[in-house]
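Written below as structure tokens is the structure these notes are about.
The values are calculated or read from the model by the stated rules, or taken from the named source; none is laboratory data. Note that the structure is a prediction, hence the values are computed from the model and not measured. Counting neighbours? That spans all protein chains shown, and the Cβs are built from the backbone with ideal geometry, glycine included. The accessibility values were calculated without ligands, DNA or RNA, using every heavy atom of the protein model including side chains. Shrake-Rupley method; radii C 1.70, N 1.55, O 1.52, S 1.80 Å.
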Amino acid sequence: MNDFPVKMGQEVVIIAGKDRSRTDKVKSGKVTSINRLKQTITVEGLNISKKAVRPSEANPEGGIVEFEAPIHVSNVMTKDKYEARSAKKA
């Protein structure tokens with residue numbers, strides 16, 4: 001379990017799931033957190049989810065909050081590996 005396919009701050013590309021690009025433009029971002037037990041990562045600016053929050057001391061307004069949800073590590077690929085794969089196909 002010591003060997004993990006991505007590291008903190010590394011640029012990754014989404015290859016599966018709702019944020020996968022279906023056009024030529026590739027959705028990518030930097031890894032902001034890693035959970036080795038669940039094998040998930042959080043990518044900056046991708047997999048945005050919304051959650052309804054009740055008013056509290058921390059958030060007196062309440063309402064809808066957007067946050068970056070974790071993605072399973074099998075659904076991402078490092079950007080350099082992705083570019084090498086796409087260059088090989090062309």
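Pull up the range 16-32, narrow it to residues that are touching a residue at least 12 places away in the same chain (Cβ under 8 Å) and open to solvent by less than 50 Å² (accessible area, probe 1.4 Å), then point me to the one that is farthest from S86 (Cα to Cα). Filtering first and then ranking leaves V31. In the range 66-81, what residues are of a type outside the set (K, R) and open to solvent by 50 Å² or more (accessible area, probe 1.4 Å)? Hits for the range 66-81 are E66, F67, E68, P70, H72, S74, D80. Just one of (1) at positive phi; (2) open to solvent by less than 50 Å² (accessible area, probe 1.4 Å) fails for N59. It is (1).
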